[in-house]
Amino acid sequence: MSIAVTHKIFNELLSSLSKILRKKNFDVKTGGNGSYFLTMPYNCGPSKPKRLGQVIVLKEECVEEYCRVHADSFPGVRDLLQKHNLHNFSIFMQVVSGQRLLFLYGEYTGDNFDADMAALSSEPRDIEWHKLCDPMQTSLNLSGGWLPMECVYYNR
């Protein structure tokens with residue numbers, strides 16, 4: 001069974017869910033490309049930097065190209081991460097149960113995550129980067145994009 005809902009109704013549902021989760025001390029943030037970041041209320045160290053963990057599937061036929069473009073990077077893409085307060089940004093790759101997964105780790109050091117991610121996703125170089133990389137990936141997230149992972153342990 002499937003249910004068709006308008007974009008407006010879907011956003012209202014997400015907004016309501018976000019309010020409920022925030023009351024339970026969950027941190028719900030919106031990212032670029034319609035993704036949502038859910039930080040669980042576990043003790044993962046100090047609140048700054050905010051540690052981000054995400055996962056996505058890399059299409060097998062795109063492995064070589066994905067690694068090549070990340071080795072070279074677009075001119076000015078890496079500096080956009082720092083400009084928008086993302087540091088210690090790393091992507092790891094591993095095959096798990098027949099799927100090639102990419103695991104992202106990064107640290108956010110700014111004061112307004114939503115504003116910084118919105119600004120980053122509106123940067124022309126970031127838009128071009130996503131046009132190149134997004135087709136190489138398959139999301140595990142219903143809203144698309146990288147699936148946020150919960151931090152369950154931090155050791156300084």
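Nothing in this text is a laboratory measurement; each read-out follows from the coordinates by a stated rule. All figures in this text were calculated on a predicted structure; none of them were measured in a lab. A quick note on method: Cβ atoms are made from the backbone with ideal geometry, for glycine too, and the neighbour counts reach across all protein chains shown.
The table that follows gives values for the structure above.
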{"item": "Segment Phe89-His130, extension gain: residue separation times 0.36 nm, minus the distance between their alpha carbons", "result": "13.1 nm"}
{"item": "Calculated FRET efficiency for the pair Asp111/Arg68, C-beta based, R₀ 35 Å, to 0.05", "result": "0.50"}
{"item": "Under 5 Å, built H, 5+ apart or other chain: amide partners of Gly145", "result": "Ser139"}
{"item": "Separation in nanometres of the label points that stand 7 Å from Cα toward Cβ, at Glu61 and Leu142", "result": "3.0"}
